[in-house]
Amino acid sequence: MTRPIVIAVVGPTCSGKTRLGISIAKQIGGEILCADSRTIYRHMDIGTAKPTASEQEAVRHHLIDLADPDQTFTLAQFQTVGLAKIDDLHSRGVIPVVVGGTGLYTKALLQGLRIPQVQPDEQLRKQLQSIADTDPRGGDQALRQILEELDPVSAQRIGPNDIFRLIRAIEVSRLSGAPFSDLKTISPPPFDVVWFGLTYRDRSILRTRIAQRLQIQLEAGLVKEVDDLKSRFGVTKTLINTVAYKQILAYIDGQYDLNEAMIQAQNHTQELARRQMMWFRANKDIMFFDVDDDDFDRVQTPVLQHISRLDALL
């Protein structure tokens, strides 16, 4: 391998990505770049399972706490900051370890996704959000119908209830005068990527772990975190488009009791994890390890051995 490399650890929520990423970074003297669409926001710590203070002390982390929850931080901005950080680490002889579960963010950083440089139009976004909020069929139905007229390819690709991406695709298509899907192209990055993926064979085990983590987050003060965010920033798009935060907001507003809010959060997190696994399984370069038995050494040992053999070639 003659080009710089990046190590990537990807997979669904509750799979142990952070733990494995830290282990890898410690072995190779690397630093971690988080590829997550929610840990980029400051003050959203408990509900996003953001790396803890002790984890960030153990290994330096980047690409977290980049914006407040009431600010717009686009994928294009994330890509710009992230690629600059990769260049910086490579220039210092440090191997980046990208850890994340947001497939589009890892694609933007590591697979050369070219993103349309169209600045957000807040007035248009508010209009589209209002359409989503008032449509009795459900917000994604109304927005998807609009997008189908502008860009049927993107309308098919964007998953259910992904209001933010639907709005962004409509925004880019209208402001650029070209379909969003036509403007997103792939250009190989100037580095090689070594991919490791964590996954589940048994979805019932994943569901149990999601429930366990939600309970831990609840005991750690999730309700207070959401209430404080609401008081400080209002009910922002970021909060209502984030699993667990949306459901806890509904509990605070009296729409659910706490038990129902947690059941809803668990169901939506399970669906998120399913989509994450589908996304990453499409990447044929990923070396997958199942984590059903929760045996960290069974995963860690071959991963570190593989990296050791690569290290001799660097």
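Name the single residue, out of those in the stretch 151-171 being surrounded by 19 or more Cβ atoms within 10 Å (Cβ to Cβ) and modelled with pLDDT of 90 or more, that is nearest to Leu124 (Cα to Cα).
Looking at the filtered set, the residue picked out is Glu171.
Since Ala261 meets every condition but one in (1) assigned to a helix (DSSP H, G or I); (2) among the hydrophobic types (A, V, I, L, M, F, W, C); (3) surrounded by 19 or more Cβ atoms within 10 Å (Cβ to Cβ); (4) under 21 Å from the mean Cα position of the chain (by Cα), which condition does it not meet?
For Ala261, the failing item is (4).
Taking only the stretch 25-55 into account, find how many residues are out of contact with any Ser or Thr (no Cβ under 7 Å at 6 or more places or on another chain), more than 30 Å from Arg165 (Cα to Cα) and not β-branched (Val, Ile, Thr).
7
Enumerate the pairs (first residue in the stretch 115-127 and more than 13 Å from Ile170 (Cβ to Cβ); second residue anywhere and modelled with pLDDT of 80 or more and of a type in the set (Gly, Ala, Ser)) with beta-carbon separation below 7 Å, excluding pairs fewer than 6 apart on the same chain, so at least 6 apart or on different chains.
Ile115/Ala76; Ile115/Ala108; Gln117/Ala76
Which ones in the stretch 104-144 are small (Gly, Ala, Ser) and touching a Leu at 6+ places or on another chain (Cβ under 7 Å)?
To start, the set of residues in the stretch 104-144 that are small (Gly, Ala, Ser) comprises 108, 112, 130, 132, 138-139, 142.
Matches in the stretch 104-144: Ala108, Ala132.
Can you give me the number of residues within the stretch 51-90 that are charged (D, E, K, R), farther than 25 Å from Leu113 by Cα and assigned to a loop (DSSP other than H, G, I, E, B)?
First, pick out the residues of the stretch 51-90 that are charged (D, E, K, R): 55, 57, 60, 65, 68, 70, 85, 87-88.
Of the ones still in play, those that are also farther than 25 Å from Leu113 by Cα are 55, 57, 60, 68, 70.
Next, from what is left, pick out any that are assigned to a loop (DSSP other than H, G, I, E, B): 60, 68, 70.
Number of matching residues: 3.
For Leu109, are the conditions met, namely being touching a residue at least 60 places away in the same chain (Cβ under 8 Å) and in a helix (DSSP H, G or I)? Quick ask: steps written out before the conclusion?
Numbers: touching a residue at least 60 places away in the same chain (Cβ under 8 Å): yes; in a helix (DSSP H, G or I): yes.
Criteria met by Leu109.
Going through the stretch 269-293 one residue at a time, which ones are without any contact (Cβ under 8 Å) to a residue 40 or more places away in the chain and charged (D, E, K, R)? Break it down into steps so the answer makes sense when it comes.
Filtering the stretch 269-293 for residues without any contact (Cβ under 8 Å) to a residue 40 or more places away in the chain gives 271, 278, 282, 284, 293.
Correct list: Glu271, Lys284, Asp293.
Between Gln111, Gln129, Gln141, which is out of contact with any Phe, Trp or Tyr (no Cβ under 8 Å at 6 or more places or on another chain) and assigned by TED's automatic domain parsing to the domain that holds His90?
Numbers: Gln129 fails: assigned by TED's automatic domain parsing to the domain that holds His90; Gln141 fails: assigned by TED's automatic domain parsing to the domain that holds His90.
Just one listed residue meets the conditions, Gln111.
Condition first: in contact with a helix residue (DSSP H, G or I) (Cβ under 9 Å, 6 or more places away or on another chain), under 21 Å from Arg114 (Cα atoms), outside any helix (DSSP H, G or I) and of a type in the set (Gly, Ala, Ser). Now tell me which residues in the stretch 157-208 satisfy that. Walk me through it before giving the result.
So in the stretch 157-208, the residues in contact with a helix residue (DSSP H, G or I) (Cβ under 9 Å, 6 or more places away or on another chain) come out as 157-176, 178-184, 186, 189-191, 193-200, 203, 206-207.
Remaining after also requiring under 21 Å from Arg114 (Cα atoms): 157-159, 162, 164-176, 178-184, 186, 189-191, 193-195.
Those still in the list that are outside any helix (DSSP H, G or I) too: 158-159, 162, 178-179, 184, 186, 189-191, 193-195.
The answer is Gly159, Ala178.
The values are calculated or read from the model by the stated rules, or taken from the named source; none is laboratory data. Note that this is a predicted model, so its numbers are computed, not measured. Cβ sites come from the backbone with ideal geometry, for glycine too, and all protein chains shown count toward neighbours.
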